[in-house]
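Nothing in this text is a laboratory measurement; each read-out follows from the coordinates by a stated rule. Quick caveat, the model's predicted, so the values are computed rather than measured. Here the Cβ positions follow ideal geometry from the backbone for every residue, glycine too, while neighbour counts run over all protein chains shown.
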Amino acid sequence: MFIISKLFTYLFLPPGIFIIILIFAGIFAKKLKWLFYISALTLYLLSNKFAANLLLYPLEHNYNKDYIKPKAIVVLGGGVNPNDILKAYPDAFKREIYGLLLAKKYNLPFVYTGGGIKIKEADFIKKDVGKFKKICNCKIKDFYERNSLDTYENAKFTSKVFKKLHLKKEIFLVTSAFHMKRAIKLFKHFGFKIIPKPVGFYYKPYYTVWDIFPKEDAFHKSYKAIHEYFGLLSLTLRGIK
């Protein structure tokens, strides 16, 4: 029963069902068969753990770090849901908690950067941080940048926060592992020296027989990785090294 359940999940729920449809479309199509087969193969690869890991590994490993004594913790926002009990999205929540743990451990200021168009992410995180400080009886100094809309603006506006606070731009930088390399490039562009503190690794170095089947979570990870590669390419085109 377990095997039947697994096969049903991987073959008849997305993305598996769409791969099957594309294959059958290729079989019965009179023209452009190759397009259906290539589409099916591409979707399969992007939904496969092996391919997702291949894309993720270079992003999540081998970070360069500066030899510094950080003066603050900088945490990059990752989205919030105002209707949830814990406002931050899962990736953002990991960043938030890890940043707070580092701030407590090293007795450093906690700086959170994240804005938004309709709502200001940092405003919701500030409330969550306040609860955390009460629970652990922590005297962490926390500051919030609430106007940025992307990673470039995270770095740009955080630079202004540091200038206002008279803080040296030497930091522990906290963000998701897959996003760290792009974040490092942008923060260095604005004069920061960095020790990376990645969290929320997507790369998983172990495999089972079920990993040959397409999975939604593998497709999600592939999407995240490809998005980052395009982000890194955009930095190169803009002359940001």
Response to the item:
Rounded to the nearest 500, the 222 nm mean residue ellipticity computed for the chain from DSSP H runs (n ≥ 4, each -39500 (n - 2.57)) alone is -17500 deg cm²/dmol
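Of the listed peptides 188-194, 207-213, what is their order by residue-averaged count of other C-beta atoms within 10 Å, with the highest listed first? All intermediate terms of the calculation are to be shown ahead of the outcome.
On the way: 188-194: 18.0, 207-213: 12.0.
With the highest mean Cβ count within 10 Å placed first, the list reads 188-194, 207-213.
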Fill in: For Ile194, distant residues with modelled amide H under 5 Å away
Asp66, Ile171
Worksheet, complete the sentence: Projected convex hull area of the chain, Cα atoms, direction-averaged, in nm², equals 17.1 nm²
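Taking a quarter of the surface of the Cα convex hull of the stretch 188-241, what do you get in nm²? Can you show the working numbers first?
Working: hull surface 21.7 nm².
Mean projected area of the Cα convex hull: 5.4 nm².
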Worksheet entry | Cut-off 11 Å between beta-carbons: net charge of the residues surrounding Lys69, Lys and Arg +1, Asp and Glu -1 | +1
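Could you give the length gained by full extension between Asn62 and Glu153, i.e. 0.36 nm per residue of separation minus their alpha carbon distance, to one decimal place?
Details: separation 91, 0.36 × 91 = 32.76 nm, distance 2.48 nm.
Stretched fully, the Asn62-Glu153 segment lengthens by 30.3 nm.
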Fill in: Integer Hz, Karplus 6.51/-1.76/1.60 couplings in order for the stretch 225-241, x for Gly and Pro
5, 4, 4, 5, 5, 5, x, 5, 4, 5, 5, 4, 5, 8, x, 9, 9
Worksheet entry | Semi-axes of the equivalent ellipsoid for the stretch 72-199, Cα gyration tensor, largest first, Å | 20, 17, 14
Worksheet item: Hey, what do the phi angles of the stretch 38-52 turn into as Karplus ³J(HN,Hα) couplings, whole Hz, using 6.51/-1.76/1.60 and θ = phi - 60°, x for Gly and Pro?
Response: 5, 5, 5, 5, 4, 5, 4, 4, 5, 9, 10, 4, 4, 5, 4
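How big is the Kirkwood radius of the stretch 173-217, worked out from every pair of different alpha carbons and given in Å to one decimal?
Details: mean 1/r = 0.0788 Å⁻¹.
With all distinct Cα pairs of the stretch 173-217 included, I get 12.7 Å.
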